[in-house]
Structures are given as C-alpha cells and as structure tokens.
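See below for the structure under consideration.
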Amino acid sequence: MADIAGYPYAEIVFKLDGQGRLQPSALPTPPAGVTDLVIVSHGWHMDAAASQNLYRTLIGNLATADAGRFDAAGRKVVVWGVFWPSDRFRDDLGRETEQVLGGQAASAGGELHLDVLRRQARGVAEFLGLDPAQLAIQAELATGGGGDADTLANILRAAAARTGAADADTQRDHKELLALPGSQIVDSLGRQNAAAPDAVSGGGAAAGFHPEDDASDGGQAQGFFSGATAGVAKLLNQVAYYELKKRAGLVGERLGTMLDAAPALANIRLHLVGHSFGARLVTAAAKSMAQRKVASMTLLQAAFSHNSFGANLRYGPLYNIAAGGFRDVLTQKRVTGPIAITHTWRDEAVGLAYPAASRVSQTISNLISVSPNFGGSLDVFGGLGANGARGLTNAEGTDVVYTDDLVLPHGRVTNILCDAIENHNDVDRIECARIVRAAMALG
C-alpha cells in the first residue's frame, strides 16, 4: 500500500461501462490496527493526475496540521482517495472567471460563433456517450428552434438518463431543464435583457461551460452572448452540468452502500471529506449508510444546494421547500461528529456559475459578482460553498469565522466562513487541512 505523508493510502475507482453504468473497484483492505479512515473525493472536471495532486497536498497539510497528535493518542490513520468520471467534459465551473475571461469578455448581444457551438457539442457528446459528429449536426439544426431544438433536448435528456435517475433535490433544481420543450429552453436561454459591462475584472462567467480547458474563446460560451446559437450552447452546458451533479450523487450512494456492507470497517471511525461535487458525493454516501455511522464529514467549497440540510425554506411564492434532499443526514444522525462546511464569496464558481446553471427562465449573463439575491443566501439556487447550510435550527447548526484553532461541536453543522480560500479549487491549503483535523477531533 502506498502512503501520503506517512499515512497508508489506497484508491477506490469508479468507471463507466459500455452501457453508461457506474462500476466501482473493490474496497481496499485496511491495514491491521487502523482506528481512523479518511475517505476523500475530488470534484468536477478533475482527472486522475489533478485529483492525486489534490489528495497529496491536502493530506500532506493534514499531517502538518496534526503535528503528531494522532500518533500520540494511539490513532492510526489511513486515507482512501475516490476517483470518479468527472474529467471528460471541461467546464468553467472548475476555473476562476478571471482566468477564463482574461479581459476578453464580449459585449452583450453578440452572436456565438457556430464553430464554438460545434466544438461545444462534440465535447458534451463525448461526456454523455453520444456520437460527437451527430450531436454537432443536431446542435446546429437546433439553432433554428422549433422541432429541431425539441429533438436536441430529448436526445440530451435520454443520454443523461442512462446513468440512473437523479435524486429529488436535483430534479427540483433542474425541473425546467427536464420538462420544458427544447425550443422554449433555447429561446429563454438565448435572451438578453441588459448590457454586459465593458470589461470584467475578477467577474463571473455566470453560465459558461465549454469542453476545452483554455480561454481561447474569450467570452464565447460564457453567457455573455445572446441569440439562438448561444441558447443552444447553454442548453448543452446545462445538461452536462446536470449529469455531473447527478453522477456525483449516484457514485456517493454506491460508495455508501459498499462502506455499509464492509465488515473490515466495523471498528474503524470513518471521516468523509469532499470538494466541489465530491462534497455532494460524500454526503450522498453518508445518507445511504443505514448500518454504520460517519465520525465526521468535511465539505470543502461544496457545489450543491445550500438548502440540502434545511427544512421549511421559503423563497417567495414559487419555492417552498419542506425539507432538503440531505435533511436525513441530520435528522437520522448519520454523522455522530462534526459536519464542517467551508464557504466564501471569493469562490465565484459556486457563487455565480452554480446558481446560473440551475436557471432556465432568468437572464444571468451580466452578473459579475455574488449578491444576496443571486448566488447568496436569499437565492433559492445558492450553493453551500457560497453560503453554508441554510434553514437549520440553532440546535442543528452555527456560523463561525475561520480561526487556526477551531473547535467543532459534534452532531451539528458548522458553517465556516473561510475567506483565505481564494477560488473554487484552492482547497488543499493548510487552512482547509486544519478544518479537516478539527472535524476529526474526538471531542
């Protein structure tokens, strides 16, 4: 067994088979004498190399933050890294918008180039297991609206359905995307109601996804364009994003079932750590574990709904949420120790791109900063990584500002404002490792 910073390390790998089904490797066998198992998951658009780098840096910083206290207390820690298929489609959620736009943001009302749309369609096709050439043709046809746009939406929905059904939260967040005719979606996403700023500095690529990990297209496909071509590009983006979000939940459910059934883990404390969609993955794992409790859970810049753990949430006349999709994690006490959630508005991926990707009927292309009503705590589509968990009682959760010597209460959520985190992927830093270490404290 390999090691990271002196901790024994092994991997759990999920792959897609030829039918689009997720297939996991067998769980590793923990070494004798292990007391604590840390299971960590990467998020969106990270390949194996990037995920390994995240794990090695974060866990290396965990060893630094621990400073030998685990050993002194007789605790033997092992780390398992989860790898799941999130890397085939490159999207702007995984990159900070200043890097993406590079000062090249387009003015409002411009038409998206067709060659950008074709490339976008090919990337989404590969991610969803479709024929790239055929989807590129259908995407171009869909710019004419009508039945061709309806056909495109139906093709994309059918492809996304191959990997399994989405949970209730995901279906609610994307109900328009899943139900409206494609022609209506393309028309809505292609509209522009206000002028974009002349330049963007540190701003937000509010709805942008495209399949290549460079900024060569400037403002193309970033949500800074209007018209039917942009509407089709945004439809492609939203379906790919929906599939990533759903896939993280399905992997987590499968992982939780496997952990629940593993006799070798019976006397080992489980600590779940997830970044981005990986935070959704480990939360889904905790929810699905009926036989075994989780000792702690740390969600680093989580890319899922800030309503997920709450109850009785009201956002005007259209959205009244009786219970979030992961409410059971709290009410059924799936986690006996701390649940630590980092958040900061400096993470514009969760603050801007996450809520934008859940919207079909609202124009979002001009937004360049998070606000209370867009991406913030008053937005029904806000994310955990921006605002922490909303809708909790005082007994269920509390809000704190990060300090180096955090003490986290057991059996409760602690929302940790951590502005030391500079962007969405900046979660391998020492501050995040200290939070993981605080969550692992036995109390």
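Points worth noting:
- Candidate set: the range 393-414, residues that are modelled with pLDDT of 95 or more and under 20 Å from Asp169 (Cβ atoms); chosen: the one surrounded by the fewest Cβ atoms within 10 Å (Cβ to Cβ): Glu396
- Residue-level analysis places Leu135 among those that are touching a helix residue (DSSP H, G or I) at 6+ places or on another chain (Cβ under 7 Å), surrounded by 17 or more Cβ atoms within 10 Å (Cβ to Cβ) and at pLDDT 90 or above.
- Filter pass, Gly144 being surrounded by fewer than 16 Cβ atoms within 10 Å (Cβ to Cβ), in a loop (DSSP other than H, G, I, E, B) and at pLDDT 85 or above: yes
- Filtered residues of the range 43-92 (kept if more than 18 Å from Pro28 (Cα to Cα), in a loop (DSSP other than H, G, I, E, B) and modelled with pLDDT of 95 or more): Ala67, Gly68, Ala73, Gly74, Arg75
- The set of residues in the range 149-164 being of a type outside the set (Ser, Thr, Tyr) and in contact (Cβ under 8 Å) with a residue 12 or more places away in the chain consists of Ala149, Asp150, Leu152, Ala153, Asn154, Ile155, Leu156, Arg157, Ala159, Ala160, Arg162, Gly164.
- Subset of the range 282-327 (residues that are surrounded by fewer than 21 Cβ atoms within 10 Å (Cβ to Cβ) and within 20 Å of Asn394 (Cβ to Cβ)): Ala311, Asn312, Leu313, Arg314, Ala322, Ala323
- For the range 207-216, the condition holds for no residue, the condition being that it is assigned to a helix (DSSP H, G or I) and either at pLDDT below 55 or in contact with a Leu (Cβ under 7 Å, 6 or more places away or on another chain) (or both).
- Within the range 48-62, the residues that satisfy the criterion of being surrounded by fewer than 18 Cβ atoms within 10 Å (Cβ to Cβ) and among the hydrophobic types (A, V, I, L, M, F, W, C) are Ala48, Ala49, Ala50.
- Candidate set from the range 170-189 (those that are crowded, with 21+ Cβ neighbours inside 10 Å and part of a helix (DSSP H, G or I)); member that is modelled with the lowest pLDDT: Asp173
- Test: residue in the range 338-356 that is surrounded by 21 or more Cβ atoms within 10 Å (Cβ to Cβ) and without any contact (Cβ under 8 Å) to a residue 40 or more places away in the chain: yes
- Boolean, Gly33 is in contact with a Ser or Thr (Cβ under 8 Å, 6 or more places away or on another chain), over 25 Å from Glu431 (Cβ atoms) and of a type outside the set (A, V, I, L, M): no
- Every pair of residues 6+ apart whose Cβ atoms lie under 7 Å, when the first sits in the range 392-417 and is under 17 Å from Phe309 (Cα atoms) and free of Cβ contacts under 8 Å to residues at least 24 places away in the same chain while the second is among the basic types (Lys, Arg) and not in a strand (DSSP E or B): Thr398/Arg412
Results for (1) under 19 Å from Val413 (Cβ atoms); (2) acidic (Asp, Glu), shown as yes or no for each residue.
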residue	(1), (2)
Val239	no, no
Glu253	no, yes
Ala262	no, no
Ala285	yes, no
Thr298	yes, no
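- From the list Thr151, Thr229, the one residue that fits, being assigned to a helix (DSSP H, G or I), at pLDDT 80 or above and under 14 Å from Leu117 (Cβ atoms), is Thr229.
- Selection count, the range 286-325, where residues are among the small types (Gly, Ala, Ser), free of Cβ contacts under 8 Å to residues at least 60 places away in the same chain and farther than 24 Å from Gly376 by Cα: 3
- The single condition from (1) touching an Asp or Glu at 6+ places or on another chain (Cβ under 8 Å); (2) closer than 19 Å to Gly411 by Cα that Phe304 fails is (2).
- Some residue of the range 150-157 being closer than 22 Å to Asp17 by Cα, crowded, with 24+ Cβ neighbours inside 10 Å and under 22 Å from the mean Cα position of the chain (by Cα): yes
The values are calculated or read from the model by the stated rules, or taken from the named source; none is laboratory data. This structure is a prediction, so every number in the text was calculated from the model and none was measured. In this analysis, Cβ positions are derived from the backbone assuming ideal geometry, glycine residues included, and neighbour counts consider all displayed protein chains.
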